[in-house]
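The values are calculated or read from the model by the stated rules, or taken from the named source; none is laboratory data. Model, not experiment: these values are computed from the prediction. Cβ coordinates were reconstructed from backbone atoms using ideal geometry, including for glycine residues, and neighbour counts include every protein chain displayed.
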Amino acid sequence: MGVANKFFNFLWGILLFCFAFFFLDYFEVLLIKHEKFKSLIYFGFLISSLFSFLLLHTSSYSKSSKVLFSLIPIASILMILKIGILNFIFSISTWKTQTILYQNKENKNLKVEFQMLDIGFAGYDKREVEIHYFTDWFYTFKPRKENYEPSKWDIINKEVNELNLVY
């Protein structure tokens, strides 16, 4: 196997890794908490899809393999263009926890949080959501219910201020 094929296989692995995490995060199935990791995934997705498509033509795979291997990079590039480059770049920012309102008594990874998203010159987007943390890096969310039973939830009201706002 030539050097171009080995390098292509390496890029293909990076592309599939970034592809999976990008779609999980973009479609809000599994959100990424850390902004540096999220930007690594998003930019890795962009760069690896471009380079794997270009590098595929220098590899010594058969034509049918080249067509098959080019489907995901082409679909990735078309999706990024459909989203828009600026929207793609601005979607890298993550929701930051400002206040932890409630914590579930049975499951300590289940919390109700007030979160804010820095959307640049337009200010901040705000939401109150029920968060389920899988790790410190990944979580899922659902919209907050209006009433919480005191028997299942502890009132926390802990100020976290991940955006480091002065108020």
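Can you name every residue in segment 74-106 that is free of Cβ contacts under 8 Å to residues at least 24 places away in the same chain and over 20 Å from the mean Cα position of the chain (by Cα)?
I74
Of all strands (runs of 3 or more DSSP E) completely enclosed by segment 113-167, which ones contain at least 3 residues that are more than 20 Å from L30 (Cα to Cα), at pLDDT 85 or above and among the polar types (S, T, N, Q)?
none
Residues to consider are F53, F19, F10; find the one that is buried (at least 16 other Cβ atoms within 10 Å of the Cβ), more than 30 Å from H132 (Cα to Cα) and either in contact with a helix residue (DSSP H, G or I) (Cβ under 6 Å, 6 or more places away or on another chain) or not assigned by TED's automatic domain parsing to the domain that holds F138 (or both).
Exactly one of F53, F19, F10 is buried (at least 16 other Cβ atoms within 10 Å of the Cβ), more than 30 Å from H132 (Cα to Cα) and either in contact with a helix residue (DSSP H, G or I) (Cβ under 6 Å, 6 or more places away or on another chain) or not assigned by TED's automatic domain parsing to the domain that holds F138 (or both), namely F53.
What are the residues in segment 81-128 that are acidic (D, E), surrounded by 14 or more Cβ atoms within 10 Å (Cβ to Cβ) and under 27 Å from L46 (Cα atoms), if any?
D118
Suppose the filter is in a helix (DSSP H, G or I) and either within 12 Å of the chain's Cα centre (by Cα) or outside the structural domain of S62 (by TED's automatic domain parsing) (or both); does F43 pass it?
yes
Among the residues of segment 27-37, are any surrounded by fewer than 16 Cβ atoms within 10 Å (Cβ to Cβ), free of Cβ contacts under 8 Å to residues at least 24 places away in the same chain and under 18 Å from the mean Cα position of the chain (by Cα)?
Yes, segment 27-37 contains a residue that is surrounded by fewer than 16 Cβ atoms within 10 Å (Cβ to Cβ), free of Cβ contacts under 8 Å to residues at least 24 places away in the same chain and under 18 Å from the mean Cα position of the chain (by Cα).
Could you run through segment 91-110 and say how many residues are closer than 19 Å to N164 by Cα and outside any strand (DSSP E or B)?
Residues meeting the conditions: 4.
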